[in-house]
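*Asks:* Attaching a single structure in structure tokens format; questions to follow.
The values are calculated or read from the model by the stated rules, or taken from the named source; none is laboratory data. Everything numeric in this text was worked out from a predicted model, so none of it was measured. We place every Cβ from the backbone using ideal geometry, glycine too, and count neighbours over all the protein chains shown.
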Amino acid sequence: MSFKIYTKTGDKGETSLIGGVRVPKFHLRIESYGTIDELNSHLGMVRDMIGDHHAREVIYEIQDRLFTIGSVLASDPEKSKMKVPDLHLNDVTLLETEMDKMEEKLPELKHFILPGGHPSVSVCHIARCVCRRAERLVVHLQTESEVPEIISMYLNRLSDYLFMLARWIAKEVKIEETQWRPRM
């Protein structure tokens, strides 16, 4: 199957959902899956910047799940008859299991942490922030349209996972975490 990059149908500020419904490019559904795409790109950068083979494999799995989420969000729930992949509870469990493994080997968290210290740590924090934005958009979309609850659950756990991964990366590259010390 071949995909053309251009379709000649979005030039007037509209695009099509899976199912054929045309919506403005600023539609909340478009913002939602566009932010998932942005997150996926940031995760590609994280994956490219870290050396830990296991973490790279987990990120690859996450990127695959984000394509699944994007497919669901790009579908018109009332009109699309096309079968799209779905998310499963074990996808959420994978994130929780990975966080538990990292937490066992990380120092106890007693302060807020400022992002930074190493490019791979910083880009992981950027991905975490984009993930939080995607979650907010999806939760908003859920108030207006049918969106499986597991998507917001997955995004919530994913942002937690990315926080833990940033801490893990800092430990692996031997960067001391910068604690936030509020000025009083």
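*Asks:* For K174, state whether it is on the phi > 0 side of the Ramachandran plot and not hydroxyl-bearing (S, T, Y).
*Replies:* Yes.
*Asks:* Go through segment 92-144 and give me each residue that's of a type in the set (K, R) and part of a helix (DSSP H, G or I).
*Replies:* K101, K105, R128, R132, R133, R136
Residue by residue, here is whether (1) in contact with an Asp or Glu (Cβ under 8 Å, 6 or more places away or on another chain); (2) touching a residue at least 24 places away in the same chain (Cβ under 8 Å) holds:
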residue: P148; (1), (2): yes, yes
residue: S152; (1), (2): yes, no
residue: N156; (1), (2): yes, no
residue: R167; (1), (2): yes, yes
residue: K171; (1), (2): no, yes
residue: K174; (1), (2): no, no
residue: T178; (1), (2): no, yes
residue: P182; (1), (2): no, no
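*Asks:* Could you figure out which of (1) on the phi < 0 side of the Ramachandran plot; (2) among the small types (G, A, S); (3) at pLDDT below 95 isn't true of G116?
*Replies:* With (1) on the phi < 0 side of the Ramachandran plot; (2) among the small types (G, A, S); (3) at pLDDT below 95 applied to G116, the lone miss is (1).
*Asks:* Within the bounds of segment 122-136, is there any residue that is farther than 24 Å from G34 by Cβ, of a type in the set (A, V, I, L, M) and surrounded by 13 or more Cβ atoms within 10 Å (Cβ to Cβ)?
*Replies:* Checking segment 122-136: not a single residue is farther than 24 Å from G34 by Cβ, of a type in the set (A, V, I, L, M) and surrounded by 13 or more Cβ atoms within 10 Å (Cβ to Cβ).
*Asks:* Among (1) among the aromatic types (F, W, Y); (2) within 19 Å of L39 (Cα to Cα); (3) in contact (Cβ under 8 Å) with a residue 60 or more places away in the chain, where does F163 come up short?
*Replies:* Going through the list (1) among the aromatic types (F, W, Y); (2) within 19 Å of L39 (Cα to Cα); (3) in contact (Cβ under 8 Å) with a residue 60 or more places away in the chain, F163 breaks only (3).
*Asks:* I'm trying to understand the selection: among the residues of segment 22-66, which are within 23 Å of E144 (Cβ to Cβ), within 12 Å of the chain's Cα centre (by Cα) and of a type outside the set (G, A, S)?
*Replies:* Y33, T35, I36, D37, E38, L39, L66, listed by residue number.
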